[in-house]
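Data block below; observations after.
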Amino acid sequence: MASKITVLDPTGYPPKIAAKALAPRLDTLNGRTVYLVDCRFDDSDIFLGQMQAWFAEHMPGVTTVLKRISSVYLVDDPTTWEEIKARGHAAILGVGH
Amino acid sequence: MTIEAKYGVPTVAMHTDKFDRVVRSVADVNGMPDLAQVFVPQPIMGKSAAQLRAYVDGKDPISGRPVMQEVIEGLTHPRSRAAGAVYDRSTPRLVEPDTEDNLHRLFLERSWTDTLPIVLPTEERVAAMLAGTRRKPGEVVGRMRSTHFREYWEYTVEKVAVNAVMAGARPEYLPVILALAATGVTARGSSSSAVACMAVVNGPIRREIGMNAGTGAMGPYSHANATIGRAYGLLSQNGQGGSVPGLSYMGNQGNSYAYNSVTFAENEERSPWEPFHVQHGLGAADSAVSVFSGVRSTAFTLGLREKHWREHVGHLLRGMDPHGPPALLLDPIAARQFVDRGGFAKKDALIDWLYDTARMRASEYWDYQLVQNYIYPRATFGEEPWASKLKAAPDEAIPMFRREDIHVIVVGGETNGYWRIMGGNYQKTESVDAWR
């Protein structure tokens with residue numbers, strides 16, 4: 001029978017995970033403003049435009065705002081997030097990986 | 001995730017179905033496993049408005065439920081999970097003892113290898129490897145992550161040594177491998193564009209450890225070149241916590257350059273110009289390694305013809321994607337031809353000429369998909385030099401690359417004057433001497 005040997009684990013050290021709270025959900029979207037946030041990746045603006053059209057047809061009580069992020073998706077965009085927090089009630093981000 | 005957790009705005013993230021596992025995994029490691037994520041078919045790119053409307057009207061290919069129902073419920077239905085809980089994920093130093101055959105199988109099953117056979121990192125072998133540096137085994141060398149939204153993992157000198165053993169490296173190579181690890185540039189980036197890295201070694205260490213800068217330098221003909229590059233890759237995938245297709249690696253076609261990260265030594269002795277590391281602030285007597293990321297594309301030709309060499313080089317440059325700036329890898333014969341034909345006595349003069357030659361019509365430039373994804377948004381945000389490029393008329397010939405992103409390295413054994421352009425992004429140069 002082959003003997004057993006001991007070897008070292010090659011994997012690095014991960015950080016601890018701290019659970020984050022999600023934002024409270026809305027009771028309804030009617031009468032609310034939903035931002036459709038274009039991440040500026042692979043024609044996502046066209047996709048979100050179609051989603052905006054869907055809201056207009058099926059949920060006209062929802063105000064939608066199509067908003068492009070300020071730069072590339074790799075860069076945080078506090079200006080846009082602040083605007084959405086101040087003027088909107090919910091957000092749909094897309095289309096990312 | 002930022003807008004949801006930091007700004008308190010209920011949010012749904014839309015993704016394509018190919019990214020199901022990876023985006024759920026990213027949400028998990030960011031402490032938000034219940035993040036509302038909805039999927040549509042891949043691809044978005046190139047689809048008409050009508051086709052994308054069908055995505056909106058259709059079903060989420062992951063859940064099988066209507067996309068818009070998922071979206072609306074994601075914004076209105078309560079999502080559980082209390083904040084504040086902290087989850088520790090420790091990594092053991094040792095693997096449970098087993099037979100060699102079973103351990104080889106285990107390493108393969110856990111995606112700890114590049115699927116080629118490895119040398120098992122026994123304590124004796126790792127201790128022998130650690131003799132290659134004065135640094136303490138427990139010292140933190142750096143940290144890496146496979147993509148922007150993932151968390152950084154860190155690794156110690158011992159972890160680097162473990163991966164060096166697995167790659168078949170020798171202890172005298174360890175300072176170079178540690179320097180590569182210290183760059184923090186992963187050789188296992190997750191990008192769907194299937195990236196690899198390129199590592200260029202300069203200075204006396206090249207000769208000390210038998211690196212190849214001549215014939216076959218970028219091929220499988222040097223133990224040092226091959227195993228240092230392989231160790232860099234293994235360290236990257238294990239040090240950052242994985243590189244698994246569909247989960248933490250999304251390169252659509254993969255990239256065979258990733259087997260050893262195109263690791264070679266510059267042929268300083270036969271170069272007409274100063275070594276690459278000297279261009280980046282180190283002394284000629286220093287040893288260093290320089291890393292390029294995003295290595296995907298290659299163009300090549302033979303020598304420089306007297307009559308049309310300028311046009312030929314221009315065509316090669318325009319064959320590169322504008323998002324992957326050129327690094328010219330010149331055999332010494334080709335390097336001297338650039339000096340003889342173009343009068344580029346200094347490398348800077350050649351780079352000036354390359355910058356000016358690599359032009360295309362503005363309308364074509366801005367229409368590249370990667371330019372649209374990564375450069376156009378920055379241009380519209382006012383970032384230079386792209387904001388100025390955006391003002392060019394459609395037919396104006398504009399530079400494809402920033403001058404500072406163009407690089408020239410001499411490598412090859414002068415069996416002929418073949419040379420190539422590697423598309424890639426120079427990241428940094430790290431001292432090897434600091435890790436001896």
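The values are calculated or read from the model by the stated rules, or taken from the named source; none is laboratory data. Computed from a predicted model, the values in this text were never measured in an experiment. Don't worry about glycine lacking a Cβ; one is built from the backbone with ideal geometry, like all the others, and counts go over all protein chains shown.
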*Among the residues of the stretch A:76-88, is any facing chain B (nearest Cβ under 7 Å), aliphatic (A, V, I, L, M) and under 13 Å from the mean Cα position of the chain (by Cα)?*
yes
*Would you mention how many residues in the stretch A:21-44 are surrounded by 19 or more Cβ atoms within 10 Å (Cβ to Cβ), without any contact (Cβ under 8 Å) to a residue 24 or more places away in the chain and either among the charged types (D, E, K, R) or more than 29 Å from B:Met144 (Cα to Cα) (or both)?*
2
*Are there any pairs with C-beta distances below 6 angstrom linking a residue in the stretch B:268-280 that is more than 16 Å from B:Pro204 (Cα to Cα) to a residue that is polar (S, T, N, Q) and buried (at least 18 other Cβ atoms within 10 Å of the Cβ), with the two at least 6 apart or on different chains, and if so which?*
B:His280/B:Thr429
_Show the residue pairs meeting these rules: Cβ distance below 7 Å; 6+ apart or different chains; first residue within the stretch A:61-77 and among the polar types (S, T, N, Q); second residue at pLDDT below 95._
A:Ser70/A:Asp77; A:Ser70/A:Thr79; A:Ser70/A:Thr80; A:Ser70/B:Phe381; A:Ser71/A:Asp77; A:Ser71/B:Pro377; A:Ser71/B:Arg378; A:Ser71/B:Phe381
_Take B:Gly324 and tell me if it is in contact with a Gly (Cβ under 6 Å, 6 or more places away or on another chain) and either crowded, with 19+ Cβ neighbours inside 10 Å or free of Cβ contacts under 8 Å to residues at least 40 places away in the same chain (or both)._
yes
*asked:* Can you report the number of residues in the stretch B:326-361 which are assigned to a helix (DSSP H, G or I), of a type in the set (D, E, K, R) and under 29 Å from the mean Cα position of the chain (by Cα)?
replied: 4
*Output the number of residues of the stretch B:92-123 satisfying the condition of being in contact with a helix residue (DSSP H, G or I) (Cβ under 9 Å, 6 or more places away or on another chain), assigned to a loop (DSSP other than H, G, I, E, B) and facing chain A (nearest Cβ under 7 Å).*
6
*With respect to B:Val38, is the statement that it is farther than 30 Å from A:Val7 by Cα, in a strand (DSSP E or B) and outside the structural domain of B:Leu370 (by TED's automatic domain parsing) true?*
yes
*Of the residues B:Pro43, B:Pro78, which is farther than 30 Å from B:Ala434 by Cβ, in contact with a Lys or Arg (Cβ under 6 Å, 6 or more places away or on another chain) and in a loop (DSSP other than H, G, I, E, B)?*
B:Pro78
*asked:* From the list B:Val244, B:Val195, B:Val262, exactly one residue is aliphatic (A, V, I, L, M), farther than 24 Å from B:Arg150 by Cα, touching a residue at least 40 places away in the same chain (Cβ under 8 Å) and out of contact with any Leu (no Cβ under 8 Å at 6 or more places or on another chain). Which is it?
replied: B:Val262
*Confirm whether B:Leu390 is in contact with a helix residue (DSSP H, G or I) (Cβ under 7 Å, 6 or more places away or on another chain) and either within 29 Å of B:Pro43 (Cα to Cα) or touching a residue at least 40 places away in the same chain (Cβ under 8 Å) (or both).*
yes
*asked:* Quick check on B:Glu384: is it within 25 Å of the chain's Cα centre (by Cα), within 29 Å of A:Asp38 (Cβ to Cβ) and loosely packed, with under 15 Cβ neighbours inside 10 Å?
replied: yes
*In the stretch A:58-65, is there at least one residue being surrounded by fewer than 17 Cβ atoms within 10 Å (Cβ to Cβ), within 18 Å of the chain's Cα centre (by Cα), more than 7 Å from every other protein chain (Cβ to nearest Cβ) and β-branched (Val, Ile, Thr)?*
yes
_Matching residues in the stretch B:248-297 - criterion: being in a loop (DSSP other than H, G, I, E, B) and aliphatic (A, V, I, L, M)_ = B:Met250, B:Val262, B:Leu282, B:Ala284, B:Ala285
*Please give the number of the condition B:Gln369 fails out of (1) under 24 Å from the mean Cα position of the chain (by Cα); (2) surrounded by 21 or more Cβ atoms within 10 Å (Cβ to Cβ).*
(2)
*asked:* Looking at B:Glu396 and the list (1) surrounded by fewer than 15 Cβ atoms within 10 Å (Cβ to Cβ); (2) of a type in the set (D, E, K, R); (3) in contact (Cβ under 8 Å) with a residue 40 or more places away in the chain, which single condition is not satisfied?
replied: (3)
*asked:* I'm told A:Leu29 meets every condition in (1) more than 7 Å from chain B (Cβ to nearest Cβ); (2) assigned to a loop (DSSP other than H, G, I, E, B) except one. Can you identify the failing condition by its number?
replied: (1)
